[in-house]
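Notes for the one structure printed next.
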Amino acid sequence: MTPAIKTAAMVGAIVIAAFALNPSAERHRNQIKESIAERSPLAGLLGVGALAAFASNYHSLGVASYTSINNKTVSVGLLGMVWVIDSQKDF
């Protein structure tokens, strides 16, 4: 196998894995809830995270995904992982 074929095969495998492991809307919402509860136990107790997660809109790009609230990106997901964007402003 030539190096070009090996590289193409590896890139293809990564793209297939990205499609297969794209986080679901539920994973994004759970991560938003957990993140808000970690930042503020009172907000977690009052269910602010659940409310923010409910209000979020899920967008899939095939290999990646994100959620937004009021046209602001709240979380980003790739390869089965979700990161909540730490913002000083409320959702």
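The listed residues are Ser56, Ser75, Ser40, and the only one of them that is polar (S, T, N, Q) and surrounded by fewer than 17 Cβ atoms within 10 Å (Cβ to Cβ) turns out to be Ser40.
Asn70 fulfils the conditions (1) without any contact (Cβ under 8 Å) to a residue 24 or more places away in the chain; (2) on the phi < 0 side of the Ramachandran plot except for a single criterion, (2). Look at (1) surrounded by 13 or more Cβ atoms within 10 Å (Cβ to Cβ); (2) in a helix (DSSP H, G or I); (3) of a type outside the set (Phe, Trp, Tyr) and you find that Ala8 fails only one, number (1). Count of region 36-91 residues, restricted to those that are over 15 Å from the mean Cα position of the chain (by Cα), of a type in the set (Lys, Arg) and either at pLDDT 90 or above or not in a helix (DSSP H, G or I) (or both), is 1.
The values are calculated or read from the model by the stated rules, or taken from the named source; none is laboratory data. As the structure is a computational prediction, the values presented were derived from the model and not from experiment. All Cβ positions, even for glycine, are placed from backbone atoms using ideal geometry, and neighbour counts span all protein chains on display.
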